[in-house]
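Reading through the structure tokens given below for one structure.
Read-outs throughout are calculated quantities, based only on the coordinates presented, and are distinct from any laboratory measurement. All values reported here derive from a predicted model rather than from experimental measurement. Methodologically, a virtual Cβ is constructed for each residue, glycine included, from the backbone with ideal geometry; neighbour enumeration extends over all protein chains shown.
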Amino acid sequence: MEGRGPLKFGVEKAKIKWGAYFRDAMRSGSASGQFEGYSGRGPSVVVENAQGERRILEVTSNVKEARKRAAAIESDYTTLGTAEWCERYDVPAAFVTE
């Protein structure tokens, strides 16, 4: 995670739900060859405040898009005021100021 000021912006990759994958593999004798059904949500744009609390701002379809959105959201943070940025991304002002 990278950032300037009190917030750090970054990307979290989607995680495979291995428990569900292996459970289905045991039931049917083989799990599907694709992990899409087991990956949960896609890569996420996350923000972390000075206290280490994290919030997911957006979920994207791939890591490249998530990185692009994280850069855009960080740019908005540096150009907009805190109140306007919080309103735009539905983040409580207390998350930023604490």
Summed side-chain charge close to Arg54 - residues other than Arg54 whose Cβ falls under 11 Å, Lys, Arg +1, Asp, Glu -1: -1
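Ranked by Cβ crowding within 10 angstrom, fewest neighbours first, how are Arg55, Arg69, Arg41 ordered? List each step's numbers first, then the result.
On the way: Arg55 16, Arg69 19, Arg41 11.
Neighbour counts put them in this order, fewest first: Arg41, Arg55, Arg69.
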